[in-house]
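Here's the structure, in C-alpha cells; my notes come after.
The values are calculated or read from the model by the stated rules, or taken from the named source; none is laboratory data. Treat the numbers as computed from the prediction; the structure is a model and nothing was measured. With ideal geometry, Cβ positions are generated from the backbone for all residues, glycine too; neighbour counts draw on all protein chains shown.
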Amino acid sequence: MATIKVYRFDPEQDEKPRYEEFDVDMSPGRTVLNLLHDIHYNEDPTLSFRRSCQSAICGSCAMHVNGRTGLSCSMQAKPLLDRDGYLVVEPMKNMPVLKDLVVDMDGFWDSVHEVDPFLQAGRDVPKGAYVVPKAKMDLLKIAQDCIMCGSCLSECTSREANPDYLGPAALAKAYRFAADERDGATMGRLMAYSEANGIWDCDTCLYCNEVCPIHVKPMDAIMRMREMAIEAGIESQGSKHAIAFYDTILKSGKLNEFTTANKSLGIRGMLRTSDVATKVILRWKIPEVRKKPIEGMKDVEKLAKLVERKRRRRTQR
Amino acid sequence: MVSDMNRYDVLVLGGGLAGAMAARAAAAAGADVAVVSKLHPLRSHTVAAAGGINAALAEGDSWEGHAFDTIKGSDYLADQDSVEIVCREAAAAVVEMDHLGTPFSRDETGKLFNRPFGGHGLPRAYFAGDRTGLSLMQTAWEQLVKKDITVYNEWAGTSIIVEEGRFAGIIAYNVADGTLDEFQAKALVICTGPGGQMYGKTTNAVTCTGDGLAMALRAGCALKDMEFVQFHPTSLHGPNILITEAARGEGGIMKNAKGERFMERYSPKMLDMAPRDIVSRAIQTEANEGRAYPEGYVDLDLTHLGAAKIKERLPEVHEFAVNFAGVDPAEKPIPIEPAQHYIMGGIATDNAGATAVPGIYAAGECACVSLHGANRLGGNALLECIVFGRLAGTAAADFAQKHAQVAGGAASLAADDRKIDGLMASEGKEGTERIRQELKKVMWEKVGIYRNEPDMALAVGAVNDLERRYANVRVGAKNKRFNYALLEALELKNLLDLAEVIAKGALIRRESRGAHARTDFPKRDDANWLTHSLAWQRGSRIEITYEPVRITNWEPKERTY
C-alpha cells in the first residue's frame, strides 16, 4: 500500500479546493486510473473523473500527475512514486475545474472549432479515391492521430500567458488540413492561422511535444506551418520577425536586436515598445550595435545549409 | 427539476461513427437534427477500432466476393439481402470517407492500400495506420462541426418515450449537473454502440453498457440474435486491451506455451487468419488442454516482422505491448488471450434501420440488420456504421417529414425522475460495483466462449438473482455534478437487462453456430435453427420469438477454413 494525494473540489459544496490522501495498492503494473477506480468504487464514490476506453485511445482521462499531464490509463503508478517519492493527481491546467478531476473543455473545443477542422475539397474531386503520393500523406503523421485529450493545452505556456492563443491541439488539427494534398484551402488557412493568436504566438517551449501521450508533435506542426506561410509569402509580424532573425544570424552568428526589431516591427512598432527599450537602458543591458561575426561562422553557414536541405527534402518529395 | 424542452425533427442517440453519419445524413435530407451522447463523439468506442474497413475496391475483387465471405463468416445467419446492400455500398463508402478527409494509408503509387483480414478470401481491409476507427471517427465528427449540428455532450439517455404506439421523444440525464430533461422529436436513431461490460474479460470501454439496447427493449423494440457474442482472440493478457487483427494480417503468428503453431490443427488453410470465433475457440481449447501458459494466455509472435515494419504498420500494437505488458514486440512475443469484443445481435431493424416501433431507428453495433449473423468478420463493423448510419439517418429524416410530433412525455420524465430520486434516497445494502463484478464473472464463465445447458441455466438464475439484489442498490454519492456513481447504477440496470436476454437466448438455442459454441450441441442445425431470435419485453418478462433468415443467393453450406 502507498499513499496517493488527490485534488478534490465540488464548487457546490466547497469554498476552495483541497487535497485528500488515500492508501491504495500500488503494486507494479497498476495505472493511475486503476488507483482512482479503487478509490471511486471502494472508498469514496463521490470522486469524479472522466474515463472510458482504458487503452489510451479515447482521450477521456487526461490529468496532471506529478507535475506533468498525460492519460491516467497509461501512466504506471509505481515508477512515478519511486521517481518522485510521492504521487499527486490533479486536474488539467489551463481549463477551469468543474468537479474534482473533471475540467471544462469548452475552451479547448472552441479553439479546435476555430481552425475550420474539416477538409475543404478543391476543384478536382476524382471519381474514386484521391491519388496522393505516400510521402505527402506521411506529412500528416505528426498530427493525424491526435485524440484531443487536452494534455498539450494543459501544459501550454503560451496559452497560460494568452488565453486567446489557439493552442497546440487546435493548431495540430489546422496543420493536418493545411498539409493535406486533398485540401483546397491551404492558402486561406495559412493566412488565417498567421493572424494573432495563431502559429506565430507559440513560444516554442516544446512541452506539447513532450507530453503528448500518442506522440503527436503539435509544435513541429506549428513550425511547419510557419515555414509554409513564409514560402507562400504570407506576411505577418511573426514571419517578418523570423526572416529578420534568420538574416542576422547568418550575418554574424548573433542576434542583432536593432535590425531584427526594425524589420519585424518597423519604426512605429519599435516606438510602441519603447518602454522595453527604456527598461533595457535603465538596467544597463544595451546590446552592441555592430555585431562582430562569431568565430564559428563557417559552422553556422553549414548548419543553415543542412537545415535548408532537410526542409526541401521534406516538402518536395 | 424539468428545464427547457428541446424540440427537433430527428434525434440521434450516441455520437460515434454510426451516430455522426446518421446525423449528417438526416441533416442533408433537410431535418433539424441534434445528437445526444453520453460521451463527446471523439470519445466514442469507435476510436478503439484499429485495423480496417472492408471494401471490394481492388482489382480482381467483387462485392459478391465480399458478400460471400461475410455470409460464410456469419455461419449463414446473416440476412443476405442486408449483406448485399452493405457490400455493394462499401466501395463508395470508403471513397466518400477519403473525399471527406480520412487519412487512409497509401501504397507507393499513391493509391489506397489494403491488407488481409481474417475470413476474407482477398485482402480488402483499407486502413489508416492501425488507428482506422479513430481516423474515420475524426472525419465523421469534422462533418458534424462543418454542418453545425448540435451535440449534447455528456447527456446519458435514460428512456425512450413511446405514445400512441409511436416514438415521441427521449429522456436524458445531464452528467454535468445531474438534471433530467426531455427531448422531443418525430424520429430517433439509436447509435449507442456496444454493451460488452457485462463480461469479465472484454475489450470494450467501461462506458460500453448497452444503454440504447436496454432502452429500446423497454420501449417495445425487439433485440435480435443477442446470444451471438464475439470473443476477440487477441486481447492483451491482463488488461484485455485489443491487439488488432492487423497484427496477424501483417504476418504475426500465434504459438502455444510449447512453441507450437497451434492454428495448424484448427484451420489448416487459413491458419492465424481464420475468423475470430474459430481462433478464440482454438486458444481456449489450448488452454483447457494444458498447452497454454499457466495463466491461460498464448503468444502472438511479431518478432520476425522486425522493428521497422512493426513501428510503421502497427504503431499502436507496439505502444500497447510496451506500455501495458512491458514487452517490445520486436524482441519478444506478446501475451494474448480471448476477450469479449462485439455483440453481433442488437436492436432488430429492417434494411432502412427501422425498428418495430414507428419512428425509432437504429444503426451501428447496437443494431442488428443482420449483417454479421453468428460471427462478424474483422473490418465489417466500421463499414456497417457508415452504410447503415447513413441509411437510418435518411430514413429517420423521411419519417420526420411525413409525421407530426407526438405529444406527451411528462409521465416518462416524472417516472425517470422518481427512479433517480429513489436510487439517490435508497438506504439499501447492495453496492453497484459488487453486483457488476458478480455479473461479469458469471457471464464470462457460464455464457462465454464454450457454453452448455447446466452452465447457462445457472447463469440465467444468477442474473435474475442479481436483478433482485439490484432493487436494494445504494448510490454512495449524493452530489449533483458529475455523479458517476449514479450513472454507474443506471448503467448497471441496462447491463443486467441485456445479460438476461443474452443468457436466455443462448440457453434456448440448441446448436453451435458461429460464436455460439455449445459443447452439448456441437453441430450447426439448419433444420431447426436457421432462424433469428427476437427478444421482447412483455411486462417484466422476456419473451423470445423466432423468424427465418433471409437467403438470396448463397445456400448454407458447411463452414470450413
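A few notes on this one:
- In region A:76-86, the residue that is nearest to B:VAL151 (Cα to Cα) out of those that are of a type in the set (A, V, I, L, M, F, W, C) and within 14 Å of another protein chain (Cβ to nearest Cβ) is A:ALA77.
- Criterion (touching a Pro at 6+ places or on another chain (Cβ under 7 Å), surrounded by 21 or more Cβ atoms within 10 Å (Cβ to Cβ) and among the small types (Gly, Ala, Ser)) met by exactly one of B:ALA321, B:ALA282, B:ALA274: B:ALA321
- Of B:ALA31, B:ALA78, B:ALA56, B:ALA67, all but one fail to be of a type in the set (Gly, Ala, Ser) and touching a Leu at 6+ places or on another chain (Cβ under 7 Å); the exception is B:ALA78.
- Every test in (1) in a loop (DSSP other than H, G, I, E, B); (2) more than 13 Å from the chain's Cα centre (by Cα) is passed by B:ASP181 save one, and that test is (1).
- Considering region A:16-30, the residues that are at pLDDT below 95 and more than 8 Å from chain B (Cβ to nearest Cβ) include one that is farthest from the chain's Cα centre (by Cα), namely A:SER27.
A quick yes/no check of all residues on (1) surrounded by fewer than 21 Cβ atoms within 10 Å (Cβ to Cβ); (2) within 21 Å of B:GLU491 (Cα to Cα):
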{"position": "A:TYR19", "(1), (2)": "yes, no"}
{"position": "A:GLU43", "(1), (2)": "yes, yes"}
{"position": "A:SER60", "(1), (2)": "no, yes"}
{"position": "A:ASN66", "(1), (2)": "yes, no"}
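- Among residues of region B:427-457, those that are surrounded by fewer than 17 Cβ atoms within 10 Å (Cβ to Cβ) and aliphatic (A, V, I, L, M), counted: 1
- Residue match in region A:199-222 (condition: more than 26 Å from A:LEU71 (Cβ to Cβ) and not in a helix (DSSP H, G or I)): no
Let's see how each residue does on (1) of a type outside the set (Val, Ile, Thr); (2) loosely packed, with under 10 Cβ neighbours inside 10 Å; (3) closer than 30 Å to A:MET228 by Cβ:
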| residue | (1), (2), (3) |
| --- | --- |
| A:LYS263 | yes, no, yes |
| A:ARG268 | yes, yes, yes |
| A:VAL280 | no, no, no |
| A:TRP284 | yes, yes, no |
| A:PRO293 | yes, no, no |
| A:GLU301 | yes, no, yes |
| A:ALA304 | yes, no, yes |
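- The set of residues from region A:64-75 being more than 14 Å from every other protein chain (Cβ to nearest Cβ) and more than 16 Å from the chain's Cα centre (by Cα) comprises A:VAL65, A:ASN66, A:GLY67.
- A count restricted to region A:158-217 and to residues that are away from every other protein chain (no Cβ under 14 Å) and among the aromatic types (Phe, Trp, Tyr) stands at 4.
- Every test in (1) under 20 Å from B:ALA20 (Cα atoms); (2) part of a helix (DSSP H, G or I); (3) among the hydrophobic types (A, V, I, L, M, F, W, C) is passed by B:ALA415 save one, and that test is (1).
- For the condition more than 11 Å from every other protein chain (Cβ to nearest Cβ) and either farther than 18 Å from B:THR349 by Cα or among the polar types (S, T, N, Q) (or both), B:GLY65 qualifies.
- Residues being among the charged types (D, E, K, R) and more than 29 Å from B:HIS318 (Cβ to Cβ) - total across region B:119-151: 3
- Total residues in region B:324-354, condition among the charged types (D, E, K, R) and either within 13 Å of another protein chain (Cβ to nearest Cβ) or surrounded by 24 or more Cβ atoms within 10 Å (Cβ to Cβ) (or both): 1
- Look at region B:309-328: where a residue is within 18 Å of A:ASN34 (Cα to Cα) and a partner is small (Gly, Ala, Ser) and surrounded by fewer than 23 Cβ atoms within 10 Å (Cβ to Cβ), sitting 6+ places away or on another chain with Cβ atoms under 6 Å, you get B:ASN323/A:SER74.
- Restricting A:GLU160, A:GLU90, A:GLU155 to those that are among the charged types (D, E, K, R), in contact with a His (Cβ under 6 Å, 6 or more places away or on another chain) and at pLDDT 95 or above reduces the list to A:GLU90.
- Restricting region B:77-129 to residues that are surrounded by 20 or more Cβ atoms within 10 Å (Cβ to Cβ) and hydroxyl-bearing (Ser, Thr, Tyr), the residue that is nearest to the other protein chains (Cβ to nearest Cβ): B:SER105
- Any hit, region A:180-189, residues being modelled with pLDDT of 95 or more, over 27 Å from B:GLY129 (Cα atoms) and not small (Gly, Ala, Ser): yes
- Of residues in region B:130-150 being among the β-branched types (Val, Ile, Thr) and crowded, with 22+ Cβ neighbours inside 10 Å, the one nearest to the other protein chains (Cβ to nearest Cβ): B:THR139
- Residue tally, condition away from chain B (no Cβ under 11 Å), part of a loop (DSSP other than H, G, I, E, B), touching a residue at least 60 places away in the same chain (Cβ under 8 Å) and under 20 Å from A:VAL211 (Cα atoms), over region A:87-130: 5
- For B:GLY539, the conditions (1) at negative phi; (2) over 23 Å from the mean Cα position of the chain (by Cα) all hold with the exception of (1).
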